[in-house]
Amino acid sequence: MSDKIPYKIYLSENELPDSWYNVRADMKNKPAPLLNPASHKPCTAEELSHVFCDELVKQELDDTNAYIPIPEEIREFYKMYRPAPLVRAYCLEKKLGTPAKIYYKFEGNNTSGSHKLNSAIAQAYYAKKQGLKGVTTETGAGQWGTALSMACSYFDLDCQVYMVKVSYEQKPFRREVIRTYGAKITPSPSDTTEVGRKILAEFPGTGGSLGCAISEAVEAATKQEGYRYVLGSVLNQVLLHQTVIGLETMTAMDKYGIKPDVIIGCAGGGSNLGGLISPFMGRKLRGEADYQFIAVEPASCPSLTRGKYVYDFCDTGHVCPLAKMYTLGSEFMPSPNHAGGLRYHGMSSILSQLYDDGLMEARSVEQTSVFAAAQEFARVEGILPAPESSHAIKVAIDEALKCKETGEEKTILFGLTGTGYFDMYAYKAFNDGTMSDYIPTDDDIAKGLAGIPKF
Ligand SMILES: *Cc1c(COP(=O)(O)O)cnc(C)c1O
């Protein structure tokens, strides 16, 4: 269409997708169903409806409908901060001296500082529509808690957040943002739930983990009338909502006749990566096009690259359904790295299946190399990236440098999931040269894997 691709490709409001895309509909091997932890039978909609909103249960279990309409109220909210820009990283390309063309989809343009608002607003909407009083959730680094508190305040829903204790203490400003949006926030593990008290008794002084906080939030939801639990990643429904990222990207690229060769994203629970790649994966699954997909995870929490593909608990307290996924075991305690949003022990069932089928690759990267990439990016592209997002930057730069050697003019697309303004202690450690790389030993990994249920 045009010789020169603009630095930023903006879509107009009416180019915002009107449906989410459900990649499961095009997958030959469907992701394995959630299992009831007691009976080991697939969870029924009825069982799940005690924990999740009815409409979200439907989305969770839907393996067949490729397109799920985005309700008008959600589209209206999306319009406040979407469509998100697709940026051509001309300045980074020049600095690297690569013939590769690099694009990134920027999701950091809202107060949560991440893509998480895309699903938070959808989950809050369905809770409101069902007439619920409120929702409970966990948050690790705090982006999800922020996003959900924003969404709940918009729909006037009560919001209770269990925040992993170390983050609660290390990120007081993140906590205040969440409180400003009116949510109630409790450091986890806490003595407000049975499971929290049990974990505290067993591990006094623990700084908590996402797995613990999930158990507490689920218990809090099921014990209060009119409450349900919501989760910020991993689940099929969350990945579905995040496809707004990939759909916008595809529309923008198609408009300019751009075809990505390599698509890269960081992977914590898998929702942003799944959302970015879904529509492209759909084309690949239908035989219409081919792409190379790369999931990037921290070397300190390597679920895809060093985990097992089995049924496992989703939480430390074992109150949630079992999910088949690449996992390090629910008792795996990742060392305290700075990419809080990538510290979950498991991975989305959808991405796990795609990876197992060889349709997607995975790489793990070390923290200091991630921050070096973040710094290089920040200095020319203007955006201070979140540590999580910087995992994708690292591999995008690696791929671009490979092109420099081979002379290939590949088109590289990556997801820039958010900004890092609340991660300045991490940047400080990097700048001071005190940051280290934590890589679990085979022994550490074996210990985690030993906690996987056998049946
Ligand atoms: C939460 C988070 C992630 C990782 O979550 P996924 O579910 O794997 O997408 C990545 N980047 C940022 C900025 C986050 O907040």
Point to revise | Single condition residue 225 does not satisfy, out of (1) under 25 Å from residue 322 (Cα atoms); (2) away from the ligand (no atom under 16 Å from the Cβ); (3) in a helix (DSSP H, G or I) | key: (3)
Point to revise | Failed item, numbered, when residue 224 is tested on (1) out of contact with any Leu (no Cβ under 8 Å at 6 or more places or on another chain); (2) buried (at least 24 other Cβ atoms within 10 Å of the Cβ); (3) more than 30 Å from residue 336 (Cα to Cα); (4) of a type outside the set (Val, Ile, Thr) | key: (2)
Check your understanding: If the Cβ limit is 6 Å and pairs must be 6+ apart or interchain, which residue in the stretch 263-285 that is farther than 15 Å from residue 344 by Cα pairs with which residue that is within 13 Å of the ligand (Cβ to nearest atom) and in a strand (DSSP E or B)?
Key -> 264/414; 265/415; 276/265; 276/415
Study note, to complete from the structure: Exactly one of 370, 380 is modelled with pLDDT of 95 or more, in contact with a helix residue (DSSP H, G or I) (Cβ under 9 Å, 6 or more places away or on another chain) and surrounded by fewer than 22 Cβ atoms within 10 Å (Cβ to Cβ), and that one is 380
Point to revise | Residue among 274, 232, 265 that alone is within 16 Å of the ligand (Cβ to nearest atom), open to solvent by less than 10 Å² (accessible area, probe 1.4 Å), in a loop (DSSP other than H, G, I, E, B) and not aromatic (Phe, Trp, Tyr) | key: 232
Practice item. Considering (1) more than 16 Å from the ligand (Cβ to nearest atom); (2) over 23 Å from residue 142 (Cα atoms); (3) among the charged types (D, E, K, R); (4) crowded, with 16+ Cβ neighbours inside 10 Å, say which one residue 357 fails and leave the rest. Key: (4)
Revision key, fill the gap. Only one of (1) outside any strand (DSSP E or B); (2) more than 16 Å from the ligand (Cβ to nearest atom); (3) of a type outside the set (Lys, Arg) does not apply to residue 244, and that is (2)
Revision key, fill the gap. Note on residue 324: of the conditions (1) at pLDDT 95 or above; (2) open to solvent by less than 10 Å² (accessible area, probe 1.4 Å); (3) under 27 Å from residue 209 (Cβ atoms); (4) touching a strand residue (DSSP E or B) at 6+ places or on another chain (Cβ under 6 Å), unmet is (2)
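For every residue, the table says whether it meets (1) surrounded by fewer than 20 Cβ atoms within 10 Å (Cβ to Cβ); (2) more than 16 Å from residue 382 (Cα to Cα).
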position	(1), (2)
79	yes, yes
86	no, no
98	no, yes
103	no, no
106	no, no
125	no, yes
131	yes, yes
137	no, yes
152	no, yes
Check your understanding: Does residue 246 satisfy the condition of being buried (at least 24 other Cβ atoms within 10 Å of the Cβ) and either under 27 Å from residue 366 (Cβ atoms) or modelled with pLDDT under 95 (or both)?
Key -> no
Check your understanding: If residue 164 passes every condition in (1) away from the ligand (no atom under 14 Å from the Cβ); (2) open to solvent by less than 10 Å² (accessible area, probe 1.4 Å); (3) among the hydrophobic types (A, V, I, L, M, F, W, C) but one, which one does it miss?
Key -> (1)
Study note, to complete from the structure: Wholly inside the stretch 384-454, helices (runs of 4 or more DSSP H) that include 1 or more residues that are modelled with pLDDT of 95 or more, under 20 Å from the mean Cα position of the chain (by Cα) and more than 12 Å from the ligand (Cβ to nearest atom) are 387-406
**Study point:** Matching entry among 216, 225 (being of a type in the set (D, E, K, R) and closer than 17 Å to residue 331 by Cβ)
**Key:** 216
Practice item. Just give me the residues in the stretch 63-77 being surrounded by fewer than 18 Cβ atoms within 10 Å (Cβ to Cβ) and assigned to a loop (DSSP other than H, G, I, E, B), in sequence order. Key: 63, 64, 65, 66, 71
Study note, to complete from the structure: Residue set 286, 343; condition of a type outside the set (A, V, I, L, M, F, W, C) and crowded, with 24+ Cβ neighbours inside 10 Å; output residue 343
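Within the stretch 329-340, count every residue that is away from the ligand (no atom under 15 Å from the Cβ) and either surrounded by fewer than 24 Cβ atoms within 10 Å (Cβ to Cβ) or over 18 Å from residue 437 (Cα atoms) (or both). Walk me through how you get there before you give the answer.
Here is the first cut: in the stretch 329-340, the residues away from the ligand (no atom under 15 Å from the Cβ) are 329-333, 335-336.
Filter again for either surrounded by fewer than 24 Cβ atoms within 10 Å (Cβ to Cβ) or over 18 Å from residue 437 (Cα atoms) (or both), leaving 329-331, 333, 335-336.
Here the count works out to 6.
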Check your understanding: Which of the strands (runs of 3 or more DSSP E) contained wholly in the stretch 282-343 include at least 1 residues that are in contact with a Lys or Arg (Cβ under 6 Å, 6 or more places away or on another chain) and more than 29 Å from residue 250 (Cα to Cα)?
Key -> 308-313
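When you look at residue 281, is it within 22 Å of the chain's Cα centre (by Cα) and surrounded by fewer than 24 Cβ atoms within 10 Å (Cβ to Cβ), yes or no?
Judged against the criteria, residue 281 is not a match.
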Practice item. Select from the stretch 41-62 the residues that are out of contact with any Lys or Arg (no Cβ under 9 Å at 6 or more places or on another chain), among the hydrophobic types (A, V, I, L, M, F, W, C) and part of a helix (DSSP H, G or I) and list them in ascending order. Key: 48, 57, 61
**Study point:** Some residue of the stretch 101-123 being assigned to a loop (DSSP other than H, G, I, E, B), within 19 Å of the chain's Cα centre (by Cα) and of a type in the set (Asp, Glu)
**Key:** yes
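The values are calculated or read from the model by the stated rules, or taken from the named source; none is laboratory data. Quick caveat: nothing in here was measured; it's all calculated off a predicted structure. A quick note on method: Cβ atoms are made from the backbone with ideal geometry, for glycine too, and the neighbour counts reach across all protein chains shown. Ligands, DNA and RNA are stripped out before the accessible areas are found, and what is left, the full protein with its side chains, is counted by its heavy atoms. Shrake-Rupley method; radii C 1.70, N 1.55, O 1.52, S 1.80 Å.
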